[in-house]
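All of the numbers you see were taken from the coordinates with simple rules; none came from a lab. Keep in mind it's a predicted model, so treat the numbers as computed, not measured. Here the Cβ positions follow ideal geometry from the backbone for every residue, glycine too, while neighbour counts run over all protein chains shown.
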Amino acid sequence: MYPLIVSLPLLGSFYAGVFGRFPGSKGTAIVTTMRVLFSFTPSLIASYEVALGASACYIKIAPWIFSEMFDASRGFLFDSLTVVMLIVVTPVSSSVHTYSISYMSEDPHSPRFMCYLSISTFFMPMLVTGDNSIELFSGREGVGLASYLSINFWFARLQANRAAIKAMLVNRVGDFGLALGIIGCFTLFQTVDSSILFARVSAFSEPNYYFTFCNHHAITVIRILPFTGAVGKSAQIGLHTRLPDAMEGPTPVSASIHAATMVTAGVSMIARCSPLFEYSPNALIVITSVGAMTSFFAATTGILQNDLKRVIAYSTCSQLGYMIFACGVSNYSVSIFHLMNHAFSKALLFLSAGSVIHAMSDEQDMRKMGGLASSLPFTYAMMLIGSLSLIGFPFLAGFHSKDAISELAYTKYTISGNFAFWLGSVSVFFTSYYSFRSLFLTFLAPTNSFKRDICRCHDAPILMAIPLILLAFGSIFVGYLAKDMMIGLGTNFWANSLPILPKNEIIAESESATPIITKLIPILFSTLGAPVAYNANSPANSFLFAFKTSTFGNRLYCFLNKRWFFDQVLNDFIVRSFLRFGYEVSFKALDKGAIEILGPYGISYIFRRLAKQISQPQSGFVYHYAFATLLGSTIFVTFSGRWDFLSFWVDNRLYFLLIVSSFFL
């Protein structure tokens, strides 16, 4: 039964890709959606047996790679972390598939789209169920491939091509670090099997590596390197630039990537490798700092974006920062809990945004919307629920996990913990601001839309509404239902899947650990964002208008709207240097130079020139050939008379070559 969770989406993708033209768009969409829905049922059964029944399961499928000490077999590992990720991926992907039946109904290439969507749903369970590092790496590569194909679905659009290539190249940077980390793990532990590796880590906590001309702690090196893979997949600061550009794909693709598949791969990888991170305090400090800075950067960038989907994309980046620095303070269970809550609210936000864009004739600029609350009341209600859950409004799903992360960072009582707490608290305010700003500009502000768009505006049809309702229920109740089970005091839900060293453990439920004012800071900031967003975006506010038109205000607006100039800095100082090197050295000097001269083309060119030089004496006249034959015979007879004299100096076998050459001359 357990292998069906992984294989059913693959079968659906294969059917859509090979036979999709025969049943048509609707038939293919129904088959692929039912495959993903059927994988949700065994996921629920697995969560009951594995997590609630406390019986982890390992299934060995087949041997894969055997090479002396290197042993990597194909197998499935089902523990509490795996089944939690599965009950996040399968229902969200099922909702996205159902939503896509209506959303992509008018696209002539809908079967190909459903193929891409199903294959991304296949690779994510493959990633989280892998029992060794090689399977984890294969799943990550598959998720990256699926995201490339999905973003580039409308391949005739230049921006979609650029965004897909950018996503692939940025992921290659992170995956290169992950590959080095896997090699380092095998060098140190002589295995890639996760269970053996984690069991042996305590005995290898002291050795050092000579890396980058310096002597480093071995565990720190082999953890920092794979963390770059998490930075690339989960869009942390530095490798985040591909995330907003991924909005060029269809909206269901954005919902799948940001809620269930690609961006969650980095967080799940860090949680899976928690035994290694626990023995590297420096790696935990790096993770905490990077996550906190990402949360702050993405939140400040999202407040001045005007594209509806791009605002939600930056909110994903900010929430991923929360999950990462929760792992950095050694509370992986809270990070996964926030990942689960965030998946439902983020899928709800993206699909609601897709409903708005679908109704407004593919318009995504919020400045060209406004006044849609009366035309799209259902979509407005769904987007309001998703936004309230995202900002951590009391008693919704996000409230139970986001506040717990802030309290855990504060009670860490370290510099990195306090740094993460204050940046995270300020990010709560900005999150609230841009969430309510998007609601205000889209639904409540005076309309700036074209009359033709307003006249054709319609609410979500039934096939698009049902997934929104289910995701709304998840955004409201999932946090409340799962809090005590997943992060409650004394719970044994995670068993041995997320081990924490006693010195790093923090009791999140201790009421005396956190002052009351510290507990109230996130709630106060999230509440303050709504009135500030309303007043800041009101056209009647003369003070803010004067500030925005001043020199400082204009520069601040450009700085935040241009995403802290990260793209420009990367292009000017890194990308152009690599492109120049690739053209001058790799292309001109190597490809068009050494390789063409020494390769098959160069050798064939030399032989063609040599053959041309040899063929020049061939005149075609019979008397020329007769004279050459006579000359050769004379030379042969002359030298054959001095056989005894020449045999002392010349090998006898050369006479055969002389005779043959005389005839060919």
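For segment 585-593, 3J(HN,Hα) computed residue by residue from phi via the Karplus equation (6.51, -1.76, 1.60; θ = phi - 60°) reads 9, 5, 7, 6, 7, 8, 5, 7, x Hz, glycine and proline entered as x. Note on Leu520 and Ala495: their simple-model spin labels are 4.3 nm apart, each label 7 Å out from Cα toward Cβ.
Converting phi to 3J(HN,Hα) with the Karplus coefficients 6.51, -1.76 and 1.60 and the offset θ = phi - 60°, segment 490-499 yields x, 5, 10, 4, 7, 6, 9, 7, 10, x Hz in sequence order, with x at every glycine or proline.
Which residues among segment 558-572 fall inside the zone where the amide N is under 12 Å from a point 7 Å beyond the Cα of Val173, along Cα→Cβ? In segment 558-572, the label zone of Val173 (backbone N under 12 Å from the point 7 Å along Cα→Cβ) covers 566-572. In this calculation the C-beta distance from Ser105 to Cys558 is compared with R0 = 30 Å, giving a FRET efficiency of 0.15. Taking Cα Rg over 2.2 N^0.38 Å as the quantity of interest, determine which of (i) 0.98; (ii) 1.23; (iii) 1.11 was computed from the displayed structure. Correct label, based on the coordinates given: (ii).
Residues whose amide H lies under 5 Å from that of Asn448, counting only those 5 or more places away or on a different chain, are Met369, Gly370; hydrogens are built 1.01 Å from N in the peptide plane. Using the Cβ-Cβ distance between Leu544 and Thr41 with R0 set to 41 Å, the FRET efficiency works out to roughly 0.20. Distance between the 7 Å Cα→Cβ label points at Thr634 and Phe19: 8.4 nm. Full extension of the segment from Ala611 to Trp154, taken as 0.36 nm per residue of separation minus the current Cα-Cα distance, would add 159.4 nm. The HN-Hα couplings worked out from phi for segment 353-361 by the Karplus form 6.51 cos²θ - 1.76 cosθ + 1.60 (θ = phi - 60°) are 4, x, 5, 5, 5, 5, 6, 9, 6 Hz, whole numbers, x standing for Gly and Pro. Taking amide H atoms as placed 1.01 Å from N in the peptide plane, list the residues 5 or more away in sequence, or in a different chain, whose amide H sits under 5 Å from that of Phe393. So Phe393 has HN proximity to Phe399. Taking Cβ atoms as reference points and 15 Å as the exclusive limit, the residues near Leu52 contribute a net charge of -3, counting Lys and Arg as +1 and Asp and Glu as -1. With the simple spin-label model, which puts each label point 7 Å out from Cα in the Cβ direction, the Ser577 to Leu145 separation comes to 3.3 nm. Listed from fewest to most Cβ neighbours within 10 Å, the set Tyr148, Tyr557, Tyr433 follows the order Tyr557, Tyr148, Tyr433. A full extension of the chain between Phe66 and Arg162 corresponds to an added length of 30.6 nm, given 0.36 nm per residue minus the alpha carbon distance. Normalised by the number of residues in segment 34-186, the mean separation of alpha-carbon contacts (under 8 Å, six or more apart) gives a relative contact order of 18 percent.
Computed from the C-beta positions of Ser7 and Asp484 and an R0 of 45 Å, the FRET efficiency is 0.85 to the nearest 0.05. Residues whose amide H comes within less than 5 Å of that of Asn132, counting only those at least five positions distant or on another chain, are Ser194 (H built at 1.01 Å from N in the peptide plane). Normalised by the residues of the chain, what does the relative contact order come to in percent, with Cα pairs under 8 Å and at least six apart? Relative contact order here is 12 percent.
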